[in-house]
Amino acid sequence: MRWHDAAPEGHVTSAGHIDDSRPVVPLPKSDNGSVKSFRKELWFEVPGRRAFLNITSEVQTCLRESGVRGGLVLVNAMHITASVFINDDEPGLHADYEKWLEKLAPHAPTSQYLHNRTGEDNADAHLKRTIMGREVVAAITNGKLDFGQWEQIFYGEFDGQRNKRVLVKIIGE
Amino acid sequence: MRWHDAAPEGHVTSAGHIDDSRPVVPLPKSDNGSVKSFRKELWFEVPGRRAFLNITSEVQTCLRESGVRGGLVLVNAMHITASVFINDDEPGLHADYEKWLEKLAPHAPTSQYLHNRTGEDNADAHLKRTIMGREVVAAITNGKLDFGQWEQIFYGEFDGQRNKRVLVKIIGE
Amino acid sequence: MRWHDAAPEGHVTSAGHIDDSRPVVPLPKSDNGSVKSFRKELWFEVPGRRAFLNITSEVQTCLRESGVRGGLVLVNAMHITASVFINDDEPGLHADYEKWLEKLAPHAPTSQYLHNRTGEDNADAHLKRTIMGREVVAAITNGKLDFGQWEQIFYGEFDGQRNKRVLVKIIGE
């Protein structure tokens, strides 16, 4: 896994790929409740086909950078074979998810899916991502993720071995 | 499929049904970051029981009409047997979805569902919509949908042959 | 079921447990479109393992208290074995959901899940909550939930017999 924050001018990053993300543009801060918005991309490259990555601390960093004290944060996969979801950071549960998703939407035989006639072998990844969800919306209160005790944000990869992005969008005051 | 935008005064539309939608009321534009909100309904009538319709361009039109440059857009089904979701605009995949949803939540025999004792035959549509999701929340950056390369917004109909609505709600600055 | 609104100073509530919720802090009202945010917790204790509770009227109360006329409301479970979702308030359908979720993610045998080696028996509750969803985002228009005719908000409990919370977060103007 490699992490790439938004590169303000579209430069080649140290990891060697072109980062086409747009710059982070927080609006001017003010005290009178004017609305602020903020965006940042998180980049991943998972070595295998599937993985769950805890991205909670990266989202918390975005909150600090945004200066938003109260509002909403949207965290979504920008790819249609990946998920962002909230659940427990417990390895046994993650193994249960993997087995369960494979039962509900098996990868093989790949010929069972019409989508794979396009030359892909990732139809199951589209279905698995559908069950796990594209996005989460979380509350920001007092500048922090307004979470219950066990809530953690995960990136769910179902068709890895390539660079993929998550968008963090914040709106509030 | 017929499309009906919000009718400002609740008139009978050209398609012959009563449009009870409320008017589009964007707030005054300003440059100082004050919050704006916007709403619009999209209307559908799918001839068969099930269909997936790409509504991305209609949502983009809402963005332009709203004047919002940065913020969030919520797109949700206003009916409980329909979905709004983001995935690939690839017909093979849509056929895979259809087959997969029928496996996970079969329509027949309709007597397997208690809900159908109410006189409906659409219990499976409630379950299919649950898997595909009621809504999406997407980021707006520089006045546009802040999307990955393959992200497209779909309306998923699971109990068609009647007029149904999707709500587009925009908030931002 | 017991309901507990946010306790402003963290006092022990009449139900005898410590309410650690933070106070409701709506921003000052104004007419110029400045952004407002609002939060409140709803507390539940379901006597059995699973239940669906209609929380629409409680969310509507939050809207009134917030003073927000146009915007978005996020309603999310703060626990990872519970859901918030929108569907029909029809008991037959709820029984169908129960049966269907048990088919897709059975509770027993509990030994089939690695997560249960942690001493829990609720792995299935994590999976059921995943299908039903953690959260809903709904539009607020003219101070009200901008809903279709049959949309109702439910709390879905899959591992009850303990105090659990739902967060209501409102942002708008």
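The values are calculated or read from the model by the stated rules, or taken from the named source; none is laboratory data. What you see is a predicted model, and the numbers here were worked out from it, not measured in a lab. So basically every Cβ, Gly included, is an ideal-geometry build from the backbone, and we count neighbours across all protein chains shown. Accessible surface areas use protein heavy atoms only, side chains included; no ligands, DNA or RNA. Shrake-Rupley method; radii C 1.70, N 1.55, O 1.52, S 1.80 Å.
Peptide packing for C:127-140, A:111-124 was compared via the average number of neighbouring C-beta atoms within 10 Å per residue; ordered from the highest value, the list is C:127-140, A:111-124.
For the range A:42-173, the extents of the C-alpha atoms along the principal axes are 51, 30, 22 Å, listed from largest to smallest.
Around residue A:56, with a cut-off of 10 angstrom between Cβ atoms, what is the net charge of the other residues, counting Lys and Arg +1 and Asp and Glu -1? Around residue A:56, the surrounding residues sum to -3. Can you list the residues of the range C:75-97 with backbone N under 16 Å from a point 7 Å past the Cα of residue B:110, pointing along Cα to Cβ? The answer is C:93, whose backbone nitrogens lie closer than 16 Å to the label point. Look at the stretch C:39-48: the mean tally of other chain Cβ atoms within 10 Å of its residues' Cβ atoms is 1. Could you tell me which of the pairs A:169/C:144; A:164/B:36; B:99/B:169; A:128/B:144; C:40/C:164 are separated by over 21 angstrom between their Cα atoms in the structure shown? Over 21 Å apart, Cα to Cα: A:169/C:144; A:164/B:36; B:99/B:169; A:128/B:144. Distances from residue A:91 to itself in the other copies, using label points 7 Å out along the Cα-Cβ axis, amount to 4.7, 4.7 nm in increasing order.
Taking Cβ atoms as reference points and 11 Å as the exclusive limit, the residues near residue C:73 contribute a net charge of +3, counting Lys and Arg as +1 and Asp and Glu as -1. Expressed as a whole percent, how much of the Cα-Cα distance distribution for the range B:95-161 exceeds 13 Å? Percentage above 13 Å: 71.
Measuring between their Cα centroids, the range A:115-136 and the range C:153-173 lie 29 Å from each other.
Counting only other chains, what is the mean number of Cβ atoms within 10 angstrom of the Cβ of each residue in peptide B:105-112?
Mean inter-chain Cβ contacts per residue within 10 Å come to 1.
Once A binds B, the 1.4 Å probe can no longer reach about 2700 Å² of accessible area, counting both sides. Averaged over the residues of C:52-63, the number of partner chain Cβ atoms lying within 10 Å of the residue Cβ comes to 0.
Sorted shortest first, the separations between the residue B:110 label point and its copies elsewhere in the assembly read 4.1, 4.1 nm; each point sits 7 Å from Cα along the Cα-to-Cβ line. Scanning chain C for the beta carbon that comes closest to the axis linking it by rotation to A yields C:35, 3, distance in whole angstrom.
In this assembly of identical copies, the label point of residue A:121 (Cα plus 7 Å along Cα-to-Cβ) is separated from its counterparts by 4.2, 4.2 nm, sorted shortest first.
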